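See structure below.
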Amino acid sequence: MKIKIYPIVLLFISISQLILAQPKHKTVVPSTQLKTRIVVLTDVSTWETDDSESLVRLLVHADMFEIEGIVFTTGYSLTETRDDFFQLIHDAIDAYEKDLANLMKRSNQCRCIEDESQQTIGYWPSAEYLRERTMYGSRKGN
């Protein structure tokens, strides 16, 4: 009985390539996921409370987003930024800090970690982390 070697060799090569093409290490999907990183621009002021309310809403959901920056910039109605408006951001962070212990209970978080550079969903960042990322953007409008 005569066996054709060509189809057997071809089959062997195909199977070998499939085996060798498999990753050496299985990719493990972590049970926790990293947060989406965001930078927020705001022209928060005392006469337009919707921006302050949006900032509070952002902080209430700080366990879902890694806030890389909160940038205070001028709006269309200002020619220059005002320090008292910038302080409104810090006031919101101060209020967040007062409630942080209660917020952390929602995700069974006991404390803030030292390195907050890669946050997972459900992690509440420290108020200090947020303060360090609060900055001025454009100081002059128009």
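Values computed for the structure shown
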item: Residue in segment 130-138 that is assigned to a loop (DSSP other than H, G, I, E, B) and exposed (fewer than 15 other Cβ atoms within 10 Å of the Cβ) present; result: yes
item: Qualifying residues in segment 78-123 (those that are of a type in the set (Gly, Ala, Ser) and assigned to a helix (DSSP H, G or I)) - the one nearest to Ile67 (Cα to Cα); result: Ala92
item: Residue match in segment 84-92 (condition: surrounded by 12 or more Cβ atoms within 10 Å (Cβ to Cβ), within 19 Å of Ile38 (Cα to Cα) and in contact with a helix residue (DSSP H, G or I) (Cβ under 6 Å, 6 or more places away or on another chain)); result: yes
item: Filter result (over 16 Å from the mean Cα position of the chain (by Cα), of a type outside the set (A, V, I, L, M) and farther than 20 Å from Ser138 by Cβ) within segment 55-100; result: Asp91, Asp94, Tyr96, Glu97, Lys98, Asp99
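Let's see how each residue does on (1) modelled with pLDDT of 60 or more; (2) in contact with a His (Cβ under 8 Å, 6 or more places away or on another chain); (3) surrounded by 10 or more Cβ atoms within 10 Å (Cβ to Cβ):
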{"site": "Phe12", "(1), (2), (3)": "no, no, yes"}
{"site": "Lys26", "(1), (2), (3)": "no, no, no"}
{"site": "Ile38", "(1), (2), (3)": "yes, no, yes"}
{"site": "Val44", "(1), (2), (3)": "yes, no, yes"}
{"site": "Ser54", "(1), (2), (3)": "yes, no, yes"}
{"site": "Leu59", "(1), (2), (3)": "yes, no, yes"}
{"site": "Thr73", "(1), (2), (3)": "yes, no, yes"}
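The values are calculated or read from the model by the stated rules, or taken from the named source; none is laboratory data. For clarity, every value in this text was computed on a predicted model and none was experimentally measured. Methodologically, a virtual Cβ is constructed for each residue, glycine included, from the backbone with ideal geometry; neighbour enumeration extends over all protein chains shown.
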